[in-house]
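For reference, the structure is listed below as structure tokens.
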Amino acid sequence: RESIPGVEDVWVDTIGLVGESGQSARFEDYAAPIDRWIAAHAYPQGGDRVAVLFSDVTARKRSEAALRESAERATFRTALADAVRPLTDSADIQATVTRVLGEHFGASRAYYAEVDADADHVRVVAEYRDGVPSAAGARTLSDYGAHVAAGYRAGQTLTMDDVEPGLTPDERAAYAALGVRAFVGAPVVKGGRLVGLLGVNQATPRAWTPDEVTLVEETAERMWTATERARAETALRASEARYRTLFESMDEGFCVIEMVHDASGTPVDYRYVEVNPAFETQTGFRDAVGQTVRAFIPDHEPRWFEAYDRVLTTGEPTRFVDEATGLGRWFDVYAIPLGPDAGPRLAVLFTDVTARRRSEDEIRALNATLEARVADRTREVRTLAARLTVAEQAERQRIAHVLHDDLPQHLYGLSMVLALLGRSPTGDRVGTLAEQATAMLDGAILMARTLATELSPAILQAERLADVLEWVADEQRRTHGLAVEVDVRDDPRVDDPALRILLYQGLREVLFNVVKHSGGGRARLAAWSDRRDGGAVTVVRVEDDGGGFDVAARAGRPAGFGLVGIRERLALVGGRFEIDSAPGRGTRVTLSVPSEPLVPDFP
């Protein structure tokens with residue numbers, strides 16, 4: 001007792017019994033003052049002396065306890081899942097969850113309460129109880145302590161091993177009326193608002209373990225998910241007969257949404273209650289029923305919530321066209337109130353008008369931007385033409401005919417249309433001339449791209465850049481005897497076919513220089529994805545084991561027409577070409593191209 005003040009009497013009694021009886025004894029017990037489990041073997045030594053062999057078994061005992069708790073949690077989860085699985089009614093799910101939870105804890109009460117918008121008034125809608133008064137019906141959180149209401153509103157799980165200390169007389173009376181001395185309460189917060197509360201009560205003081213608290217929190221989330229899913233499914237079944245034909249035949253997206261408000265009544269989100277088959281096509285959202293829009297677009301603009309909330313407030317339908325920036329789509333929306341009995345729900349009929357909106361924007365900006373677009377497309381034509389590889393002479397003549405005769409005809413025709421537009425025609429003439437200009441421009445681009453593609457190896461159409469690099473490496477092995485190692489990370493991609501052709505030409509030129517000038521026999525191709533200046537790029541690095549050269553000494557001197565051409569072409573499309581070398585340590589060449597297409601394709 002001098003070494004361990006407060007040691008339990010069982011230790012002194014057990015060791016003393018060995019001395020008195022002359023019989024050895026083995027035992028394990030917990031020494032609270034030192035927070036350890038001890039396994040001991042006590043031997044009588046004659047007289048008042050007892051020898052004790054002991055070891056610290058705290059780790060083993062805690063491991064055994066953890067295993068027991070884990071097994072108990074697994075058993076509870078299985079029992080809960082089995083009990084809830086066949087249920088389709090939200091009230092049945094809530095009643096079953098509270099019963100299974102209460103029985104698992106041997107609790108006096110387990111309950112679930114739905115919380116009103118003020119985050120203080122609640123309704124206990126499901127309750128399991130054993131020997132305590134019923135808590136069903138309306139309750140006020142602040143009656144049980146201001147800290148209780150504040151904690152739940154903040155999303156905090158609250159635990160109390162004994163509620164009596166520190167209570168006011170009114171609070172003590174409120175707890176006593178329900179037979180509560182200890183409790184765990186797990187809040188359910190959705191969209192920043194307290195919407196539910198799952199609690200476990202004990203009629204006597206109880207020390208709640210961290211695992212018990214975690215299990216209550218986990219069960220609260222599971223019950224919310226199961227309840228909301230059941231409600232959504234019930235609503236869907238109830239409306240299916242009414243809307244099935246309309247839903248399945250219409251091209252427009254249709255949904256019924258339920259507005260979500262914060263404690264101040266501000267609309268902050270909305271949940272999808274019903275959707276039609278065209279909904280997914282129009283939005284790209286899958287399995288949306290029961291989910292909120294912020295689950296798909298976390299930064300969805302508040303003006304959408306405000307527009308829909310005005311429909312609820314005024315009871316008047318509204319129509320508007322707006323952009324969902326997080327989706328990059330424009331929608332033509334018609335929002336319709338469902339009446340006072342529908343609560344915070346309304347119907348929304350909508351169509352994706354992104355293509356139409358972009359066409360309108362392009363037409364409005366045509367006079368100011370068409371010349372710049374022509375210049376961009378002309379540069380693209382030149383870039384694509386520069387990427388053509390060696391082909392048969394007859395094919396070259398065909399291509400020359402197209403480039404010198406057919407392609408200029410498109411561009412000359414385009415120039416004439418632009419001249420007419422410059423005279424500021426009015427009426428439908430603007431749209432007609434714009435369509436003619438776009439058609440001529442698209443024809444020229446398509447013609448140039450087709451020629452470049454026809455002269456490129458078929459492997460460049462492969463989706464994976466890794467396959468292209470392996471083919472390039474194999475080509476070098478077969479044609480030049482150069483051993484090439486390929487290392488591809490992060491599955492990089494180059495979406496634009498023209499950029500794949502340019503990258504292939506650059507790699508082939510660099511590897512040819514390895515064979516011709518470096519004196520080495522091995523090379524390594526490494527490729528990965530990167531981000532630069534806000535855009536995605538694909539980087540390919542070529543390293544050889546050749547003699548290298550002094551880059552500074554070669555500055556300003558010709559580096560070969562092929563490499564100069566590759567550098568200039570990469571610069572035109574926003575790529576880079578870098579050389580790092582030194583005598584005796586080989587050469588490293590880095591090429592980078594944009595991962596995404598330079599310009600969008602036009603129909």
Based on what the data block shows, is T245 part of a helix (DSSP H, G or I), of a type outside the set (F, W, Y), over 26 Å from L312 (Cα atoms) and at pLDDT 90 or above?
no
Within segment 26-38, does at least one residue satisfy the condition of being modelled with pLDDT of 75 or more, open to solvent by less than 30 Å² (accessible area, probe 1.4 Å), among the aliphatic types (A, V, I, L, M) and over 19 Å from R60 (Cα atoms)?
no
State all residues of segment 475-513 that are assigned to a loop (DSSP other than H, G, I, E, B), open to solvent by 40 Å² or more (accessible area, probe 1.4 Å) and closer than 24 Å to P594 by Cα; if no residue qualifies, say none.
R489, D490, D491, R493, D495
Could you list, in sequence order, the residues of segment 151-171 that are surrounded by 15 or more Cβ atoms within 10 Å (Cβ to Cβ) and either among the β-branched types (V, I, T) or assigned to a helix (DSSP H, G or I) (or both)?
G151, Y152, R153, T157, T159, V163, E171
I'm trying to understand the selection: among the residues of segment 132-157, which are touching a Phe, Trp or Tyr at 6+ places or on another chain (Cβ under 7 Å) and more than 22 Å from H261 (Cα to Cα)?
A135, Y144
What is the residue count in segment 144-178 for residues that are among the small types (G, A, S) and touching a Pro at 6+ places or on another chain (Cβ under 6 Å)?
1
Filter pass, A126 being closer than 17 Å to L197 by Cβ, modelled with pLDDT of 90 or more and open to solvent by 70 Å² or more (accessible area, probe 1.4 Å)
no
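Within segment 514-533, how many residues are outside any loop (DSSP other than H, G, I, E, B), among the charged types (D, E, K, R) and out of contact with any Asp or Glu (no Cβ under 7 Å at 6 or more places or on another chain)?
Counting residues in segment 514-533 that are outside any loop (DSSP other than H, G, I, E, B), among the charged types (D, E, K, R) and out of contact with any Asp or Glu (no Cβ under 7 Å at 6 or more places or on another chain) gives 4.
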Residue hits (segment 39-84; surrounded by 13 or more Cβ atoms within 10 Å (Cβ to Cβ) and under 25 Å from T219 (Cα atoms)) are A65, E69, E72, R73, F76, R77, A79, L80, A83, V84
Just for segment 106-122: of the residues that are hydroxyl-bearing (S, T, Y) and in a strand (DSSP E or B), which one is farthest from A207 (Cα to Cα)?
Y112
Could you tell me whether segment 336-343 includes any residue that is free of Cβ contacts under 8 Å to residues at least 60 places away in the same chain, under 27 Å from the mean Cα position of the chain (by Cα) and under 20 Å from R271 (Cβ atoms)?
no
Go over the candidates A51, A32, A39, A25 one by one and state the one that is under 23 Å from D211 (Cβ atoms) and small (G, A, S).
A32
Test result for I15, part of a helix (DSSP H, G or I), out of contact with any Leu (no Cβ under 9 Å at 6 or more places or on another chain), modelled with pLDDT of 75 or more and open to solvent by less than 70 Å² (accessible area, probe 1.4 Å)
yes
Set A176, A186: member being in a helix (DSSP H, G or I) and without any contact (Cβ under 8 Å) to a residue 60 or more places away in the chain:
A176
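The values are calculated or read from the model by the stated rules, or taken from the named source; none is laboratory data. Computed from a prediction, not measured in an experiment: that's the story for all the values here. Here Cβ is always computed from backbone atoms with ideal geometry, including for glycine, and neighbour counts include all displayed protein chains. Each accessible area value is taken on the protein alone, full model and side chains, heavy atoms only, with ligands, DNA and RNA left out. Shrake-Rupley method; radii C 1.70, N 1.55, O 1.52, S 1.80 Å.
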